[in-house]
Amino acid sequence: MSGWLYVLPALGVYAWLVIQPFALSVQYSFYQWNGIGPSKWVGFDNYIEVFSDPNRLGAIANAFKLMFFYTVLAVALALLAAAVTRGMTSRWGRVSQTVLFLPQVIPLVGAGIAWEWLYQPQGPINETLRAIGLGALAKPWLSDFDTALPAVGFVGTWLLIGLCTMLLSTGMGKIDSTLYDAAKVDGAGPVREFFAVTLPGVRAELTVCVTVTLIAALASFDVVYVMTKGGPGVATMVPGMDIYTIAFAQNRIGAASAMAVVLMILVLIVVIPVQRLMAEKR
């Protein structure tokens, strides 16, 4: 009983800041309400709209597409970066990890503004392509329906690769060096050494990386809002941006709350099985 008394203040703050807003969102999701006037009970109509409106489904689909850039690409490149920097001398390894971690300390809004400038039709990326004779590849990256989402997704990769590299480097630092010596005695090369020793040794850190990046992909908002606001059309619309638009541009608090509840359930559906799968393999 005395243990609960110690955690009671933290539980109270958590209930006030997390559970109460979530409970209110669930309540609002069953009403038609503009946020000011009287509300009207509509039952599951807002949820039916989420799963029947092509724009809502498109936003959810875009969030799953972003997983490739936020999770698959970011974690794979972070594994490669951590493995390479591990083999460097301590000084250059730390310098490389610091450079890779820099995007994490940049505010997301600032990063979005910087990358929007880089992607401009006359921006550095297109000017560089023209300078090296690849002008045919230059295009308005954020205005093109085919390239807008990958362009935003690549920014997510850039933002998350540093955090994942730091976590995986920490995990690799804890691996017993005798395991690498034993692998070399058995004739293992760098690739076999990576899959036989390094990868199993960082499974816990890999679980954290995958979990964090999956949540970042599904809940992405800041970068999308700054760079494209969901456009062109709805090519880069994601659930977070869609919730903002429904709530504050269309004044439909109930519909926005239903979308928010669905987003939270999607996060749980995606993250919990991944964590259980990774835990079973440890």
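The values are calculated or read from the model by the stated rules, or taken from the named source; none is laboratory data. Note that the coordinates shown come from a computational prediction; the quantities given were computed from them, not determined experimentally. All Cβ positions, even for glycine, are placed from backbone atoms using ideal geometry, and neighbour counts span all protein chains on display. When the accessible area is computed, the model is the full protein with side chains, heavy atoms only, and any ligands, DNA or RNA have been set aside. Shrake-Rupley method; radii C 1.70, N 1.55, O 1.52, S 1.80 Å.
Where Lys and Arg each count +1 and Asp and Glu each count -1, what net charge lies around residue 47 among other residues with Cβ under 14 Å from its Cβ? Could the numbers behind the result be given before it?
Details: positive: 56, 252; negative: 45, 49, 53.
That sum, taken over residues with Cβ under 14 Å, equals -1.
Take the alpha carbon atoms of region 98-113, find their center, do the same for region 1-55, and report the distance between the two centers in whole angstrom.
Cα centroid to Cα centroid, the span is 32 Å.
Among the lysines, which fall within straight-line cross-link reach of residue 65, defined as a Cα-Cα distance under 22 Å, with same-chain neighbours fewer than 8 residues apart omitted?
139, 229
Short version: ³J(HN,Hα) in whole Hz for each residue of region 168-176, in order, from phi by Karplus 6.51 cos²θ - 1.76 cosθ + 1.60 (θ = phi - 60°), x for Gly and Pro, what are they?
Once θ is set to phi - 60°, the couplings for region 168-176 become 5, 5, 4, x, 5, x, 8, 6, 4 Hz.
Of 167, 123, 113, which is farthest towards the positive pole of the chain's charge dipole, taken about the Cα centre with +1 and -1 on the beta-carbons of Lys, Arg and Asp, Glu respectively?
My answer, from the dipole projection, is 167.
I need the phi-derived Karplus couplings for region 130-141: 6.51 cos²θ - 1.76 cosθ + 1.60, θ = phi - 60°, integer Hz, Gly and Pro marked x.
Running phi through 6.51 cos²θ - 1.76 cosθ + 1.60 with θ = phi - 60° gives 5, 5, 9, x, 10, x, 5, 7, 5, 7, x, 3 Hz.
How large is the charge dipole for the chain, taken about the Cα centre, if only the Cβ atoms of Lys, Arg (+1) and Asp, Glu (-1) carry charge, to the nearest 20 debye?
Details: 17 positive and 15 negative charges, 78 e Å.
Using Cβ point charges on Lys, Arg, Asp and Glu, the chain gives about 380 debye.
For the chain, what is the accessible area per residue in Å², given a 1.4 Å probe and the full set of protein chains?
Values: 15720 Å² over 282 residues.
About 56 Å² of surface per residue is accessible.
Taking all protein chains in place and a 1.4 Å probe, what share, in percent, of the accessible surface of the chain do carbon and sulfur account for? Don't skip to the end; give the middle numbers.
Details: 10860 of 15720 Å².
Roughly 69 percent of what the probe reaches on the chain is carbon or sulfur.
Pull up the cross-link candidates among the aspartates and glutamates for residue 184, meaning alpha carbon to alpha carbon under 19 Å and not fewer than 8 places away within one chain.
176, 193
What are the aspartates and glutamates whose alpha-carbon lies under 17 Å from the alpha-carbon of residue 40, with same-chain residues fewer than 8 places away excluded?
Cα-Cα hits under 17 Å: 49.
Enumerate by residue number the trypsin sites (Lys or Arg not before Pro) in region 128-201 meeting two conditions: DSSP loop (anything except H, G, I, E, B), and at most 15 other Cβ atoms within 10 Å of the site's Cβ. The partial results should precede the final answer.
Details: sites: 130, 174, 184, 192; in loops: 174.
Answer by residue number: 174.
Give the range of the longest stretch in the chain that excludes all chymotrypsin sites (Phe, Trp or Tyr not before Pro) found in loop regions by DSSP and having at most 16 other beta-carbon atoms within 10 Å.
Longest run free of exposed loop sites: 45-144.
What is the P(r) of the chain, as percent of Cα-Cα pairs per 5 Å bin from 0?
1, 5, 10, 12, 13, 14, 13, 11, 9, 6, 4, 2, 1, 0, 0, 0
Along each principal axis of its Cα atoms, how long is region 142-202 end to end? Whole angstroms, biggest number first, please.
That gives 55, 22, 12 Å along the principal axes, largest extent first.
Can you compute the charge dipole magnitude of region 154-282 about its Cα centre, using +1 on each Lys and Arg Cβ and -1 on each Asp and Glu Cβ, nothing else charged? Give it in debye, rounded to the nearest 20. Please report the intermediate quantities before stating the final value.
Numbers: 9 positive and 8 negative charges, 45 e Å.
The calculated dipole for region 154-282 is roughly 220 debye.
At 1.4 Å probe size, what's the solvent-accessible area of residue 175? Round to the nearest 10 Å².
Approximately 20 Å² for this residue.
Would you mind checking which residues have amide H under 5 Å from residue 31's amide H? H placed 1.01 Å from N; only 5 or more apart, or other chain.
Correct list: 42.
Just to confirm a number: summing +1 for Lys and Arg and -1 for Asp and Glu over residues other than residue 153 whose beta-carbon lies under 15 angstrom from that of residue 153, what do you get?
Details: positive: 65; negative: 116, 144, 146, 222.
With Lys, Arg at +1 and Asp, Glu at -1, the neighbours total -3.
What list of ³J(HN,Hα) couplings, whole Hz, do you get for region 105-121 from phi and the Karplus terms 6.51, -1.76, 1.60, once you set θ to phi - 60° and write x for glycine and proline?
After applying 6.51 cos²θ - 1.76 cosθ + 1.60, I find 8, 8, x, 4, 5, x, 4, x, 5, 5, 6, 4, 5, 4, 7, 4, x Hz.
I need the calculated FRET efficiency for the pair residue 61 and residue 16, taking r as the beta carbon distance and R₀ as 41 Å, to the nearest 0.05.
Working: r = 35 Å, r/R0 = 0.84.
According to the calculation, E is roughly 0.75.
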